Amino acid sequence: MNYILAIESSCDDTSAAIIADCQVLSNVTATQVVHESYGGVVPELASREHIQKILPVVKAALDKAGIQKEQLSAIAVTKGPGLLGSLIVGVTFAKSFAQGLNIPIIEVQHMHAHVLANFAEDPKPTFPFICLTVSGGHTQLVLAQSPLKMKILGQTIDDAAGEAFDKSGKLMGLPYPAGPHIDKLARMGEVKFEFSASKITGLDFSFSGLKTSFLYFLRDQMKLDDQFIEREKNNLCASIQENICHTLITKLVLAAKENNINNLALAGGVSANSRLRTLFKDMCERENYRGYIPHISFCTDNAGMIGIAAWFKYLQKEFTDLSIAPEPRMQF
Ligand code: KG4
Ligand code: ZN
């Protein structure tokens with residue numbers, strides 16, 4: 001059996017996983033809570049936390065999979081995109097470990113890995129498929145032609161969908177990251193308020209206008225009633241969530257129609273959103289598409305998806321050497 005240890009440290013999650021034959025045997029993630037009080041990720045704090053967490057997380061992944069480090073065939077690591085200091089920790093660890101064990105390194109593009117997270121469990125998509133990858137830093141419509149061949153059909157020209165959730169939540173006083181809080185509160189509210197929908201045509205996205213219109217709406221309402229946000233929080237969450245999710249699904253359908261593709265998938269942290277998942281499933285049923293969504297544990301940043309992406313490269317013997325360096329702005 002060929003075992004791969006995968007490492008993910010591109011932002012604020014330190015994660016390690018063991019993969020064998022495209023099966024994720026363990027997937028251990030330490031999420032950094034230190035950023036919560038700052039309302040966003042503080043890069044310097046993130047790198048320090050990665051340094052503290054990486055060894056225990058790798059050890060936990062090995063233990064959980066029940067294998068020894070000597071059994072590993074390769075080490076996979078996120079090369080980019082991401083925060084430079086955070087990437088350095090993962091890449092340096094992978095280099096040292098690989099050198100110590102005399103095994104190859106496999107470099108992984110973080111956004112490719114989000115798409116390939118759809119192969120973590122059955123049923124797996126068949127190629128070609130279009131994946132809507134929605135995270136804190138990216139919003140992309142990706143045409144996946146094969147595990148190693150992907151093309152961006154459209155992407156955000158400003159804020160990512162996750163940022164739209166997080167920034168809207170911040171305006172309502174919710175902790176960072178606000179996405180999961182909005183999801184939870186929205187379930188107790190109803191879609192009561194309308195905000196201007198994105199006017200950008202084609203397959204690109206824009207969320208900065210929504211954020212501004214939400215900001216002005218809250219400011220005007222708070223002038224009339226300083227308890228407005230507190231009183232209407234659940235309805236505000238439901239309304240902003242509906243707006244973002246509708247935009248995402250509408251663009252995904254457009255991409256499917258324009259490219260004549262029947263297999264669709266979701267990926268990235270925002271695909272953990274319960275309303276987005278429901279809208280996606282309903283749309284696929286209504287329009288006769290085959291839809292795939294990873295389990296929530298494979299949606300947010302995790303090393304399991306890095307391992308799956310690496311597995312496809314392992315089969316092609318696509319290895320890198322010790323000259324590997326992080327690329328914060330890695331090209332797609
Ligand atoms: O993919 P991810 O874990 O990290 C990045 O690569 O950015 O995505 C994080 C983003 C954050 O913006 C977070 O608020 C959002 O995913 N998110 C959610 C939910 N869970 C995570 N957004 C909406 N609803 C959720 N349930
Ligand atoms: Zn991510």
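Tell me, Ile240, Ile105 in order of fewest to most beta-carbon neighbours within 10 Å?
The most exposed by this proxy come first: Ile105, Ile240.
Provide the percentage of antiparallel DSSP beta bridges, counting only those with both residues in the range 125-293; round to the nearest 5.
In the range 125-293, approximately 60 percent of DSSP beta bridges are antiparallel ones.
Between Lys149 and Asp321, what is the label-point separation in nm under the 7 Å Cα-to-beta-carbon projection?
2.8 nm
Across bins of 10 angstrom width beginning at 0, how are the C-alpha pair distances of the chain distributed, in whole percent?
In order of increasing distance, the bins hold 6, 27, 32, 23, 10, 2, 0 percent.
Give me the distance between the Cα centres of the range 43-106 and the range 270-330, rounded to whole Å.
So the separation of the two Cα centres works out to 19 Å.
Cut-off 20 Å, label point 7 angstrom out along Cα-to-Cβ of Ser213: give me the residues of the range 248-279 whose amide nitrogen falls inside.
In the range 248-279, the label zone of Ser213 (backbone N under 20 Å from the point 7 Å along Cα→Cβ) covers 248-254, 276.
Need the full-extension length gain, Glu121 to Ser297, defined as separation in residues times 0.36 nm minus the C-alpha distance. One decimal, nm. Provide the component values of the computation, followed by the final result.
Details: separation 176, 0.36 × 176 = 63.36 nm, distance 1.12 nm.
Result for the pair: 62.2 nm of gain on full extension.
Please report Arg290, Arg275 as a ranked list, fewest other C-beta atoms within 10 angstrom at the top and most at the bottom. Each step should come with its number before you reach the end.
Numbers: Arg290 14, Arg275 20.
Exposure proxy ranking, most exposed first: Arg290, Arg275.
Over the residues of the range 174-229, compute the C-alpha Rg and express it relative to 2.2 N^0.38 Å. It would help to have the intermediate numbers written out before the result.
Values: Rg = 13.5 Å, N = 56, 2.2 N^0.38 = 10.2 Å.
Here the Cα radius of gyration is 1.33 times the empirical estimate.
How big is the range 125-293 along each principal axis, measuring the range of its Cα positions in Å and listing the largest first?
53, 28, 24
Would you mind telling me which residue in Val191, Val108, Val134 has the biggest mean-square fluctuation in a Gaussian network model of the chain, where springs connect alpha carbons within a distance under 10 angstrom?
Val191
Which lysines have a Cα less than 16 Å from the Cα of Lys95, not counting those fewer than 8 places away in the same chain?
Cross-link targets: Lys69, Lys79.
Every number in this text was worked out from the coordinates using simple rules, so none of it is lab data. Every value quoted in this text rests on a predicted model; they were computed, and no experiment measured them. Reconstructed Cβ throughout: ideal geometry from the backbone, glycine too, with neighbour counts over all protein chains shown.
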